[in-house]
Each structure stands twice: as structure tokens, then as C-alpha cells.
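The values are calculated or read from the model by the stated rules, or taken from the named source; none is laboratory data. From a predicted model like this one, the values you see are computed outputs, not experimental measurements. Here the Cβ positions follow ideal geometry from the backbone for every residue, glycine too, while neighbour counts run over all protein chains shown.
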Amino acid sequence: MAGRSWPRDPSRITDSDRGVVAVLTAILIPLLLVLCAIAIDTGWWYLEINKVQKAADAAALSGVTSMPNDFAKASTKALNISALNGYPNVGTTSVVPFTTSRESELGVTVTSTITNIFGSIFGNGSTVISRSAVADFQDAALLGSPCNYFGNQPLSNPGAALPANAVTPGSPPGYVTCQGSPGLWALIEGPNEPKVHGDRYATRTCSSGVDGCSGSTNLEYRKDNYYWTVRVGQEVVDANRAVTVQLYDPAYVGTNDDCSALSSSGFTSGLTFPFAPSDYATRYDNSANAFCTGDNQASSSVMATSFVLRNQTDTQNPQLADPITNCTKQFRGYSSAPTPAMLSTGSSYDQGLAKIFHQWVDLCSFTPTKAGDYYLQVRSNVTLGGSASVPEASTKTPAIYTYPGTWSVTSPSVVSQVEPTVTNTDGINAFAIRAFVGTAAENTGTPDPLNAKVAVSGWERLPIWINADNAGGSYFNLIQVLPNAAGKSFTFSGFDFGDCQSCSGSSLVQVLMPTGSTGSLSTCSGSGPVSGSIPTVSGDPVCSFRISSGTHQGKLQEISVTIPNNYTCASGSGGLVMLGDCWFRMKVDYSAQPNDVTTWDAAINGDNVRLVQ
């Protein structure tokens, strides 16, 4: 039938048909080979891309934990991890400190050149694959100071034979909110001191109604007590300079909180005071002046105070940090205030006591080999041991003891982390800390500029003592908040606020943004005696709350602060972010003379290590 096609009989394929098939096959086989080559090589590329990206992610996450203060260490760690993942050639991996304005970030790029299996047939013998990752790190919270000292800074006595002279640290370039007299001291209490007196972690005994207690036991007691960090910048390490750590009035000497136990007239009697020849009238005055730390509350079982400086550690866990042998001292306690005769030449002269009472004392000098945090551990629960630091008069008990003496790292001692056995000593011991480059004598004129690369801060737990009412309030830097925390929140807690027996009504605590930062506080809330949104009193400043002995005695107050989404701050230079002005501050304004021991904690909420790109 015309126009109708029927299926062709396969048996009737002609030679011409076979020729067509042969031609088509000849044309398609190379194309199919090309497609196979592309598919195989492309699969190889995607497999390598996945491996390279994982290597970059792992390297960034590993290295960033040393940021922002030690880029050299961060880079080494990142390169090592890249090598362990199959990319050992330094030329294939690049590391940069940060890719934005956030010094807490670390960028890693891993590059791999692979040989194509089939592509080389067609002139494409290799393919370069490069992938990057950026990680961000939120370090353990530093509390209290971006400066090379913590606490009030009384002048060194220019006429003292020991310790060496040193000026009060000033404000070298880079410091923004350092104050020579912030109106507070560092502090530690003895283990037998009641927790209600304000020390949250070094005390062991409790009374009814005190937070964190079970019967007479403090559930929050920490056997390792407290750590302060001496943060050293890479510039100090590169210069191979020693760092000196000094303590002001490091021993417990019972003077009452306002030094009223000292003599009211004996220090003006014309006696010779070797450690205060020119300013004894004010240094030993019986008032709450700039020299008065206000040690008090001890019974006959007075506490010894131990200081040990521990090395920098990559674990960032001070409990695992080795002690620096020559940076360990203990100071025995004195239950009562010294008489004028004990501090002046004569038969009653106690050289050891005179050397440390209301004086700056060298803990040690050490030459840091790595940048980062060196941990100053302070404890009140270790038995006196070691050797007398300096020869004392044979009739006097030594005031200072040094390592090693009878101490060991495996038995309860100041250098070990074994549970101490001292539980029955008490007292409230206040002191100050400072660290500077070089010796004290080298800082008698203009402080060494490298002092701007050293900082002293509390580590996670911050005990402070305020025994004088600063005009306009006492200020201290609470927590370092870098720009990477924008949009997050931080929570701080204060234990036992408001001890001010002479205050009429309540006192004010206020959270302050870093000077020069962007954004403003708007959302703050409390949990504890003050709960819900704050402020609770009409007319009070944003993010402030009221404290008093009646509401906060022995109580824990928590405050949550929302960090503005547009928050930025001047976070320093040279990668050392303890400088600059990224510290949220606290203002504590008492209405009269305070006698307040408080313990502060703070932490930024959220993941501390994360990939951001």
C-alpha cells in the first residue's frame, strides 16, 4: 500500500547499511572515550576536593586554638595537621592570621595538584585544586584587667633596700582603660573561713542560707583555689627579655579591714624604718589609705599564702602546667598587726615582716620561651614548707619560704595539684600583682615600652576585695569580649555582693561597654536576688542593678548581657588582643565605706571553636 512503511526484515541488511554503522561507530567511540575520561577525572577531582576541604577544615580548627595571641604556634599546628591529612609540603598549605577584622580567626588554604588519568591524553595532564577554611576561637574568659597589673598600685618606697625600686606601672601605648588605683585588691581567704564572707572557691565552711552549700560544706570549694594569668606577647619572647613578677603585701598580716589595728602614733616617733625611711607615716598609717590592704578575720590558726608561677601550656589548662622552679614562694601569716618596734631597727626588729608588710616583693624573674599565658596560682590551703628565702634574725620566724625545700610534685604541696590537707587556717588576705619586662630598677624612669605586651588578669574566677569608697565608684574590667562575639551573650555571676555596714540603702552595680566600641546595651536580665529584666529601678542606667547586704549576703547573682549585633571594638595591635579596649567593665558604686569581698565569674555563651567559612 502506497505511503505505508513496514518493519524492515533484519535479514535484508545491505552492505551500505553496514558501512553507515561502521562510520557511526568510528565517530562515537572517541567521543565515548572522551566522556569516560571526563567522568573518571571529574570523579577523581571531586574526591580530592573533599579531601582537601577536610584537611583545610581540620588544620584551621586545630591551629585557631592558639589565636589570637600566638600566630606562629597556630601556623605550626595547622601545618602539622595538614601534613597528617596527606598534605605535608609547606608549599601546598598557607596559613593567614585572619581574613576579616577579627584577630581571633585563622584562615588556612590547602592546595593539591593531581595528575589526570585520561586528561593528559588530551593535553590536560594535571589539575590544581585549592580549598580554604576559616575558624574562629573564643578563648577562656580573662577577667579583671588588660593591663600589666591587677589591683591598686601603691608606690614602691624609693628608699627601701629590698625589694628593688619600681615605679607604679602607668599606661604605655596600647592601654586604654588601665587605672593605677581602681579601688580594689586581689584576694584569697583561708579554707576555714566561712563562705559567707565572700570567697566562693577557697573556703570550705558554710552556714545556713548560703548559696552553693550543703549543711556546713561548701560544694563549690576548689582544691586548686585561684589562677591569674601573666600573658606575654611574642614581642617579649623575640626580644629574649626577662619578665619580673611582683606582689604587694603578699602575706596575711591582721590589721583589720581599715588598718585600725596599727598604732595610731608609734610610726611617727622618729624611729628608723629600713623599709620605709621616708614615707613610714603614711605607709604604716592606721587608716584605709592607698597602702592599706585590710587583712582581717584570722584567728590563731592564721593562713599561709602560696604563689607558684606555672609555664605556658598548649592544653590551656593551668592544672596541667608545670611550675617554674624559681617562681614559687610561700608567705607565712601574722595574726596581729606589727608594732612600730617590729618594723624599725632594734631588738624587736623583724626583718622578714618589714620586707613584706605594705611593700612590693619580687616573686621572681623568668625569661619566657613562648608567647601566651603563664599561670600564677594562688592558694591558702598548703602547709608551709621549703627553705627560708633569706637569712632572718635567729630569734625570728622566717617570713618567706621558697621551693624546693621539703615540697614535691607528688605529695600535697604548693607545686603539686594533690588534694591539700590544710583545712583549719583562716583569714582574708588582700594583695596586688604586677608584671613588667626587665628588672624593677630598669623601670624606675620611663617604663619599658614592652610592658605594653604583658598583661595580668584573673582566669575564670576573680576574687576581689574593696575596702575603700572611691569617689564616683570602683571600676574594673570584667571580661574581654572580641568582635567575634557580636550577637551572642555573656553571663557573669557575683557572689556575696553588698557588704557595706555603713551604707544607707542599696548600692549600684553597672555593666559598661568598652570605651570606643560600637553598639549599645539594651537587653540584660538577672537571676538571683535581682531577677528578670534590669534595671528594675526606674531611672537607673541601662544594665544596672541594686545590691545590699540584706538581699545579697551569701547569695549568687547572675546577669546575662546581650552583645549588640553591630558590636566592634579596638582590639589591639600585633595580635595581642589583651591590649586595646575590648573589655566590658563594671562600676560598683557604694553609698558609703564598703568592706566587701566578692567572687566574680564570667563566660561568653556559645561554641568556643567553630568554622565560620
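Can you work out which of the residues in the stretch 302-323 that are part of a loop (DSSP other than H, G, I, E, B) and modelled with pLDDT of 90 or more is surrounded by the most Cβ atoms within 10 Å (Cβ to Cβ)? Give the steps one after another, and end with the answer.
Step one: list which residues in the stretch 302-323 are part of a loop (DSSP other than H, G, I, E, B), which gives 303-304, 311-317, 321-322.
Next, only the ones that are modelled with pLDDT of 90 or more stay: 303-304, 311-312, 321-322.
On the way: 303: 32, 304: 24, 311: 19, 312: 23, 321: 22, 322: 11.
So the residue we want is 303.
Based on this model, can you work out whether residue 335 counts as out of contact with any strand residue (DSSP E or B) (no Cβ under 6 Å at 6 or more places or on another chain) and assigned by TED's automatic domain parsing to the domain that holds residue 434? Working first, answer last.
Details: out of contact with any strand residue (DSSP E or B) (no Cβ under 6 Å at 6 or more places or on another chain): no; assigned by TED's automatic domain parsing to the domain that holds residue 434: yes.
So residue 335 fails the test.
Which of the residues spanning the stretch 206-257 are β-branched (Val, Ile, Thr) and touching a residue at least 60 places away in the same chain (Cβ under 8 Å)? Spell out the reasoning first.
From the stretch 206-257, those β-branched (Val, Ile, Thr) are 210, 217, 229-230, 232, 236-237, 243-245, 253, 255; that's our starting set.
210, 229, 230, 232, 236, 237, 243, 244, 245, 253, 255, listed by residue number.
Being part of a loop (DSSP other than H, G, I, E, B), within 26 Å of the chain's Cα centre (by Cα) and not hydroxyl-bearing (Ser, Thr, Tyr): is that true of residue 415 here? Outline the logic, then answer.
Values: part of a loop (DSSP other than H, G, I, E, B): yes; within 26 Å of the chain's Cα centre (by Cα): yes; not hydroxyl-bearing (Ser, Thr, Tyr): yes.
Yes; evaluated as a whole, the condition is true for this residue.
Please tell me if residue 336 is out of contact with any helix residue (DSSP H, G or I) (no Cβ under 7 Å at 6 or more places or on another chain), surrounded by fewer than 19 Cβ atoms within 10 Å (Cβ to Cβ) and modelled with pLDDT of 85 or more.
Numbers: out of contact with any helix residue (DSSP H, G or I) (no Cβ under 7 Å at 6 or more places or on another chain): yes; surrounded by fewer than 19 Cβ atoms within 10 Å (Cβ to Cβ): yes; modelled with pLDDT of 85 or more: yes.
Yes.
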Which numbered condition residue 354 fails, given (1) small (Gly, Ala, Ser); (2) assigned to a loop (DSSP other than H, G, I, E, B); (3) at pLDDT 90 or above; (4) crowded, with 18+ Cβ neighbours inside 10 Å: (2)
List pairs: first residue in the stretch 416-441 and in the same structural domain as residue 246 (by TED's automatic domain parsing) and within 18 Å of residue 227 (Cα to Cα), second residue among the charged types (D, E, K, R) and surrounded by 24 or more Cβ atoms within 10 Å (Cβ to Cβ) anywhere in the structure, Cβ distance under 7 angstrom, at least six positions apart or on different chains. 428/189; 428/193; 428/295; 429/295; 430/295; 431/249
Looking for something touching a Lys or Arg at 6+ places or on another chain (Cβ under 8 Å), polar (S, T, N, Q), assigned by TED's automatic domain parsing to the domain that holds residue 373 and not in a loop (DSSP other than H, G, I, E, B) - is there at least one such residue anywhere in the stretch 454-464? yes
Unique match (being assigned to a loop (DSSP other than H, G, I, E, B), assigned by TED's automatic domain parsing to the domain that holds residue 250 and of a type in the set (Phe, Trp, Tyr)) among 349, 374: 349
With respect to the numbered conditions (1) buried (at least 18 other Cβ atoms within 10 Å of the Cβ); (2) at positive phi; (3) not β-branched (Val, Ile, Thr), which one is the sole condition not fulfilled by residue 519? (1)
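Would it be correct to say that residue 369 is out of contact with any strand residue (DSSP E or B) (no Cβ under 9 Å at 6 or more places or on another chain) and in a loop (DSSP other than H, G, I, E, B)?
Working: out of contact with any strand residue (DSSP E or B) (no Cβ under 9 Å at 6 or more places or on another chain): yes; in a loop (DSSP other than H, G, I, E, B): yes.
So residue 369 fits the description; yes.
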When you go through (1) assigned to a loop (DSSP other than H, G, I, E, B); (2) surrounded by fewer than 22 Cβ atoms within 10 Å (Cβ to Cβ); (3) touching a residue at least 24 places away in the same chain (Cβ under 8 Å) one by one for residue 475, which number turns out not to apply? (1)
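Residue 288 - would you say it is under 25 Å from residue 594 (Cα atoms), among the hydrophobic types (A, V, I, L, M, F, W, C) and surrounded by fewer than 23 Cβ atoms within 10 Å (Cβ to Cβ)?
Numbers: under 25 Å from residue 594 (Cα atoms): yes; among the hydrophobic types (A, V, I, L, M, F, W, C): yes; surrounded by fewer than 23 Cβ atoms within 10 Å (Cβ to Cβ): yes.
The answer is yes for residue 288.
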Answer from 190, 174, 180 - the residue that is at pLDDT 95 or above and of a type in the set (Gly, Ala, Ser): 190
Evaluate the following for residue 158: is it modelled with pLDDT under 80, assigned by TED's automatic domain parsing to the domain that holds residue 361, crowded, with 23+ Cβ neighbours inside 10 Å and assigned to a loop (DSSP other than H, G, I, E, B)? no
Filter the stretch 478-494 down to the residues that are out of contact with any Phe, Trp or Tyr (no Cβ under 7 Å at 6 or more places or on another chain) and in a loop (DSSP other than H, G, I, E, B) and list them by number. 482, 487, 488
Single residue of the stretch 489-516 satisfying the filter (more than 25 Å from residue 200 (Cβ to Cβ) and modelled with pLDDT of 80 or more) that is surrounded by the fewest Cβ atoms within 10 Å (Cβ to Cβ): 513
Is it the case that some residue within the stretch 527-534 is at pLDDT 80 or above and on the phi > 0 side of the Ramachandran plot? yes
